[in-house]
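Rule-based calculations on the coordinates, nothing more; no lab input. Note that the coordinates shown come from a computational prediction; the quantities given were computed from them, not determined experimentally. Here the Cβ is made from the backbone with ideal geometry for all residues, glycine too, and neighbour counts use every protein chain on show.
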Amino acid sequence: MSKVVGIFGGSFNPIHKGHLMLAQYLSQHSQLDEVWLTLSPQNPLKKSNELLDDEHRLAMLRLATEGIVGVEVCDVELSMPRPSYTINTLDTLSQKFSHCSFRLVIGGDNWNLFDKWKDYQRIIDDYGVVIYPRPGYDLNPIVSKNVEVVEAPLADVSSTQIRKAIKCGEEVKSLLPQGVWEYIKENKLYI
């Protein structure tokens, strides 16, 4: 039987406790055996003006996931052509890890834009989508055998808020894994 892996992609700029809480919850309380936090070099639908170098974001991902069972770091997109499209990532991972079956993990905010994604219908048909709620985004009833809505706990925190708070000198230590907070301070990031 193949391992079911959730691909939770993002810029993780920076990764925070909300990301980790969700990944752990999904690996323990859903159809997913593992969740792979997949670092995106550049989301084609987002601006990149505040995006840290891939190496910094990857280092923070590795620090944040140390010792967490069921949550892994995936850097496959860093070696793929850019812009990075999810369908290409899923196809590449399926070829590379034939013993796994993959599902895309996205938030309700992305589900509302999902029809703008490259080959979105093939993502649903060939891989399936696991959707977690996001504050302020309504998930209308979804009728598809390959789309699952999970009642994961909501964390009202975002990487954007954290970057702004750091820039203003506000305290964000409690929102970040310890190693990530120390890495940000040591490297003087987001100031």
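A simple rule links phi to the HN-Hα coupling: the Karplus curve 6.51 cos²θ - 1.76 cosθ + 1.60 with θ = phi - 60°, which for the range 150-165 gives 9, 8, 6, x, 8, 10, 8, 8, 9, 4, 4, 4, 5, 4, 4, 5 Hz, with x for Gly and Pro. In the chain, Rg over Rh equals 0.94, where Rg is the alpha-carbon radius of gyration and Rh the Kirkwood radius from pairwise Cα distances. Can you give the longest run of the chain that contains no trypsin sites (Lys or Arg not before Pro) sitting in a DSSP loop with at most 14 other Cβ atoms inside 10 Å? It runs 48-117.
From the residues Ala155, Ser98, Ser144, which one has its Cα farthest along the dipole of the chain in the positive direction, the dipole being from +1 and -1 charges on Cβ of Lys/Arg and Asp/Glu about the Cα centre? Farthest towards the positive end: Ala155.
Please go through the range 126-191 and write out the GluC sites (Glu not before Pro) that DSSP classes as loop and that have at most 14 other C-beta atoms within 10 Å.
Numbers: sites: Glu148, Glu151, Glu170, Glu171, Glu182, Glu186; in loops: Glu151, Glu170, Glu171.
Sites meeting the loop and neighbour criteria: Glu151, Glu170, Glu171.
What GluC sites (Glu not before Pro) in the range 31-110 are in a loop by DSSP, with at most 16 other Cβ atoms within 10 Å of the Cβ? Kindly include the intermediate steps, with their values, before the conclusion.
On the way: sites: Glu34, Glu50, Glu55, Glu66, Glu72, Glu77; in loops: Glu50, Glu66.
Loop-located and lightly packed - Glu50, Glu66.
Less than 5 angstrom separates the built amide H of Cys74 from those of Leu37, Thr38, Leu39, all sequence-distant by 5 or more or on a different chain.
Taking 35 Å as R0, compute the FRET efficiency from the Cβ-Cβ separation of Leu78 and Asp138 and round it to 0.05. Walk me through the numbers on the way to the answer.
On the way: r = 34 Å, r/R0 = 0.97.
Working from the Cβ atoms, E equals 0.55.
Residues whose amide H lies under 5 Å from that of Phe102, counting only those 5 or more places away or on a different chain, are Val5; hydrogens are built 1.01 Å from N in the peptide plane. For the chain, modelled as a GNM whose springs connect Cα atoms under 10 angstrom apart, the maximal fluctuation among Asn13, Asn112, Asn88 occurs at Asn112.
Estimated at 0.36 nm per residue, the fully extended path between Gln31 and His56 surpasses their Cα-Cα distance by 5.9 nm. Relative to the longest principal Cα axis of the chain, at what angle does helix 86-96 sit, 0 to 90 degrees, rounded to 10? Its long axis makes an angle of about 80 degrees. Each residue in His56, His16, His99, His29 was given a count of other beta-carbon atoms within 10 angstrom of its own, and listing them fewest first yields His99, His29, His56, His16.
So, with +1 on the Cβ of K and R and -1 on the Cβ of D and E, and no other charges, what is the size of the charge dipole of the range 3-154 about its Cα centre, to the nearest 20 debye? Please report the intermediate quantities before stating the final value.
Working: 14 positive and 19 negative charges, 30 e Å.
Computed about the Cα centre, the dipole is about 140 debye.
Express in % the proportion of alpha carbon pairs of the range 53-131 at distances exceeding 15 Å. In whole percent, the long-distance tail amounts to 64.
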